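**Student:** Here's a structure for you.
The values are calculated or read from the model by the stated rules, or taken from the named source; none is laboratory data. Bear in mind the structure is a predicted one, so any value in this text is a computation, not a measurement. Backbone-built Cβ (ideal geometry, glycine too); neighbour counts: all protein chains shown.
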Amino acid sequence: MPDIRNHTGINRKTALWVSLFALAFLAVNLYLISVKDTLIFSLFPLVIILIYLYFTSLEKVLLLTAFLVPLSINLNDFDYNIALSLPSEPLLAGLLLMYLLFSIHSGKSWRELRSHPVSVAFYIYFIFLFLASITSQMPMVSWKFFLAHLWLIVPVFFLGTRIFYEKPKMQQVFILTQVFALFIVVLYTLGRHAGYGFADQEGQWVMQPFYKSHAMYGAALSMFIPIIFMIATEKSRPFFQRFLLFIVLFVFALGLIFSYSRAAWLGFLVAFGLGLIISLRIKFKYLLITFFSLILIALIFQKQIIRSLEKNEQDSSENLTENLESISNISTDASNLERLNRWSCAVRMTRDFPFTGTGPGTYQFLYAPYQLSREQTIISTNAGTLGNAHSEFLGPMAESGIPGMLSVVFLVTIIFVTGFKTYIYLRINDPQKARILLGVILGLVAYFVHGIMNNYLDNDKLALPVWGFAAVIVAMNLKMRKELEEKKKEE
């Protein structure tokens, strides 16, 4: 009989202990299954493997988390009195803990990342979030919100940036891992939706339990379609891979259409338009002049515009054109009117707490008294069960005050400025990387346009891709800086 040590390097004593441990596990597990009728102990080997990965390869844990996020299920959706997404949020919390422990243990910090403008913007954001939690009207809610944002942002952005910088190939692996998992969800949703004839009403919930609402589901799809297109049209990629990616792109497009999420459609259309403008290489100054001209026109003719919008009585429907037209209906569309109601509440809350806000995460619990009867709709509620402030910018304003909102605007602005600066450099020096970066930027454009009308960054389903995309941008920017420094030294 061959000696086990000659093949595995494991000595007999270790092999004996491993065998005894395995037999003990099997015995305990069989007992629990047969007598206690529970399978929970069967997960023990997976827990051991996961702990091992936390100590040996955080990048593998990050990829595993990226794959599981679209497939995770929130306990709150099943009447459990806890808003926890399983298994993704515990994995993210573990990543946060291990990242902090390794950072403290190594005693080293990456100065370039630590002092990067996007990192500084995150520090400012967390400072205002922290201060608003101290003065919160509901401290327990706010501190939980603050902690959740730490594990939603720190491991994805700071750890992600380091991994994507040191191993650039991981950027696409990270993105495609999420795409594959989301593809499973889209197939599930379309299959289920087909059973209802792709009807509008059923389209609001057929993506459950993976995504809570059609708007969240649509936002995720609109984010990934630009980057899938950019990867699929890479000429250097093998034909079979490109063929598969075009199938995925087609399925995602169907998913977006049948999500019936007008905000997601609008975000995607804006991203598509911007992508077209960039590809035509229209000078930035002309875009800036056009943008401010439109704002000026809107301010001058605001009364006429509002009257025109009030005349629009097209409600949302299964028809794509009619659904797009209903976006501007502020006279009869209940969804639009409720969004305006939530925005008005956020403004009134800010008037009462202009510098501190009511506290992070508290809007849904405190907005009810700020509703006016004339602004309430048939879907209005005092329980806060139908979403939050419906804005990534007005929500923070109500909860963290005007400084908190400005910190969010600053963060988003810096991410895009960094992205476009890097894109301009890569377009000349590395067109292939520039295409990938453009896909990432357009994905963020799609989300933040959507974010004017909805807010989902307190949920891992969108927080992970959004901050992951930001990490890709910063990693590429740091590479660009390094290359420019090396060129200066050579000169």
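**Student:** Report yes if some residue within region 363-386 is surrounded by 14 or more Cβ atoms within 10 Å (Cβ to Cβ), touching a Lys or Arg at 6+ places or on another chain (Cβ under 8 Å) and not aromatic (Phe, Trp, Tyr); otherwise report no.
**Tutor:** Within region 363-386, none of the residues are surrounded by 14 or more Cβ atoms within 10 Å (Cβ to Cβ), touching a Lys or Arg at 6+ places or on another chain (Cβ under 8 Å) and not aromatic (Phe, Trp, Tyr).
Matching residues to (1) within 28 Å of residue 90 (Cβ to Cβ); (2) in contact (Cβ under 8 Å) with a residue 24 or more places away in the chain; (3) touching a strand residue (DSSP E or B) at 6+ places or on another chain (Cβ under 7 Å):
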residue	(1), (2), (3)
380	no, yes, no
401	no, yes, no
434	no, no, no
450	yes, yes, no
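**Student:** Continuing with the same structure: Just name the residue that is surrounded by the fewest Cβ atoms within 10 Å (Cβ to Cβ) out of those in region 142-152 that are in contact (Cβ under 8 Å) with a residue 40 or more places away in the chain and of a type outside the set (D, E, K, R).
**Tutor:** Residues of region 142-152 in contact (Cβ under 8 Å) with a residue 40 or more places away in the chain: 142, 144-146, 148-152.
Then keep just the ones that are of a type outside the set (D, E, K, R); that gives 142, 145-146, 148-152.
Details: 142: 25, 145: 21, 146: 19, 148: 22, 149: 18, 150: 16, 151: 21, 152: 24.
Step by step, filter region 142-152, then rank; the result is 150.
**Student:** Just to be sure, is residue 25 farther than 27 Å from residue 464 by Cβ, at pLDDT below 80 and surrounded by 15 or more Cβ atoms within 10 Å (Cβ to Cβ)? Can you show your working first?
**Tutor:** On the way: farther than 27 Å from residue 464 by Cβ: yes; at pLDDT below 80: yes; surrounded by 15 or more Cβ atoms within 10 Å (Cβ to Cβ): yes.
Considered against the rule, which asks whether it is farther than 27 Å from residue 464 by Cβ, at pLDDT below 80 and surrounded by 15 or more Cβ atoms within 10 Å (Cβ to Cβ), residue 25 comes out as yes.
**Student:** Of the residues 165, 99, which single one is buried (at least 16 other Cβ atoms within 10 Å of the Cβ), among the hydroxyl-bearing types (Ser, Thr, Tyr), closer than 30 Å to residue 249 by Cα and over 18 Å from the mean Cα position of the chain (by Cα)? Quick ask: steps written out before the conclusion?
**Tutor:** Details: 99 fails: closer than 30 Å to residue 249 by Cα.
None of the other options fit; the residue is 165.
**Student:** Identify all residues within region 227-248 that are surrounded by 19 or more Cβ atoms within 10 Å (Cβ to Cβ) and under 25 Å from residue 427 (Cβ atoms); write none if there are none. Can you show your working first?
**Tutor:** Within region 227-248, the subset surrounded by 19 or more Cβ atoms within 10 Å (Cβ to Cβ) is 227-231, 245, 248.
Selection gives 227, 228, 229, 230, 231, 245.
**Student:** If you check residue 132 against the conditions, is it over 21 Å from the mean Cα position of the chain (by Cα), outside any loop (DSSP other than H, G, I, E, B) and of a type outside the set (Val, Ile, Thr)? Break it down into steps so the answer makes sense when it comes.
**Tutor:** Numbers: over 21 Å from the mean Cα position of the chain (by Cα): yes; outside any loop (DSSP other than H, G, I, E, B): yes; of a type outside the set (Val, Ile, Thr): yes.
In short, yes.
**Student:** What about residue 247, is it of a type in the set (Val, Ile, Thr), more than 26 Å from residue 457 (Cβ to Cβ), in a loop (DSSP other than H, G, I, E, B) and more than 22 Å from the chain's Cα centre (by Cα)?
**Tutor:** Details: of a type in the set (Val, Ile, Thr): yes; more than 26 Å from residue 457 (Cβ to Cβ): yes; in a loop (DSSP other than H, G, I, E, B): no; more than 22 Å from the chain's Cα centre (by Cα): yes.
Answer is no for this residue.
**Student:** For region 402-425, how many residues meet the condition of being of a type in the set (A, V, I, L, M), within 21 Å of residue 479 (Cβ to Cβ) and at pLDDT 95 or above?
**Tutor:** So the count comes out to 2.
**Student:** Going by the conditions given, is residue 241 among the polar types (S, T, N, Q), assigned to a helix (DSSP H, G or I), closer than 30 Å to residue 155 by Cβ and at pLDDT 95 or above? Quick ask: steps written out before the conclusion?
**Tutor:** On the way: among the polar types (S, T, N, Q): yes; assigned to a helix (DSSP H, G or I): yes; closer than 30 Å to residue 155 by Cβ: yes; at pLDDT 95 or above: no.
Here the answer is no, as residue 241 does not meet what is asked.
**Student:** Can you confirm whether region 208-220 contains a residue that is closer than 19 Å to residue 68 by Cα, crowded, with 23+ Cβ neighbours inside 10 Å and among the aliphatic types (A, V, I, L, M)?
**Tutor:** Yes, there is a match, as at least one residue in region 208-220 is closer than 19 Å to residue 68 by Cα, crowded, with 23+ Cβ neighbours inside 10 Å and among the aliphatic types (A, V, I, L, M).
**Student:** Identify, by number, the condition in (1) surrounded by fewer than 19 Cβ atoms within 10 Å (Cβ to Cβ); (2) assigned to a helix (DSSP H, G or I); (3) in contact (Cβ under 8 Å) with a residue 24 or more places away in the chain that residue 137 doesn't meet.
**Tutor:** Result: residue 137 fails condition (2) only.
**Student:** Give me the pairs: first residue in region 262-279 and among the basic types (Lys, Arg), second residue assigned to a helix (DSSP H, G or I), beta-carbon distance under 8 Å, and six or more apart or on different chains, which are they?
**Tutor:** Within 8 Å, the pairs are 262/323; 262/324; 262/326; 262/327.
**Student:** Would you please name the residue that is surrounded by the most Cβ atoms within 10 Å (Cβ to Cβ), looking only at residues in region 171-194 that are without any contact (Cβ under 8 Å) to a residue 60 or more places away in the chain and either in contact with a strand residue (DSSP E or B) (Cβ under 7 Å, 6 or more places away or on another chain) or not hydroxyl-bearing (Ser, Thr, Tyr) (or both)?
**Tutor:** Taking region 171-194 and keeping what is without any contact (Cβ under 8 Å) to a residue 60 or more places away in the chain, we get 176, 188, 191-192, 194.
Next, from what is left, pick out any that are either in contact with a strand residue (DSSP E or B) (Cβ under 7 Å, 6 or more places away or on another chain) or not hydroxyl-bearing (Ser, Thr, Tyr) (or both): 176, 191-192, 194.
Values: 176: 19, 191: 10, 192: 14, 194: 11.
Among those residues, the one meeting the criterion is 176.
**Student:** Which one is surrounded by the most Cβ atoms within 10 Å (Cβ to Cβ), of the residues in region 438-491 that are assigned to a loop (DSSP other than H, G, I, E, B) and polar (S, T, N, Q)?
**Tutor:** 454
**Student:** Further question on the same structure: Conditions first: (1) surrounded by fewer than 22 Cβ atoms within 10 Å (Cβ to Cβ); (2) touching a residue at least 60 places away in the same chain (Cβ under 8 Å). Residue 197 passes all but one, so which condition is the exception?
**Tutor:** (2)
**Student:** Which one of 392, 399 is outside any helix (DSSP H, G or I), at pLDDT 85 or above and of a type in the set (Asp, Glu)?
**Tutor:** Working: 399 fails: outside any helix (DSSP H, G or I).
Selected residue: 392, the only one of 392, 399 that is outside any helix (DSSP H, G or I), at pLDDT 85 or above and of a type in the set (Asp, Glu).
**Student:** Please pick out the residue among 155, 226, 209 that is assigned to a loop (DSSP other than H, G, I, E, B) and touching a residue at least 12 places away in the same chain (Cβ under 8 Å). Show your work before the answer.
**Tutor:** Details: 155 fails: assigned to a loop (DSSP other than H, G, I, E, B); 226 fails: assigned to a loop (DSSP other than H, G, I, E, B).
Of the residues listed, the single one that is assigned to a loop (DSSP other than H, G, I, E, B) and touching a residue at least 12 places away in the same chain (Cβ under 8 Å) is 209.
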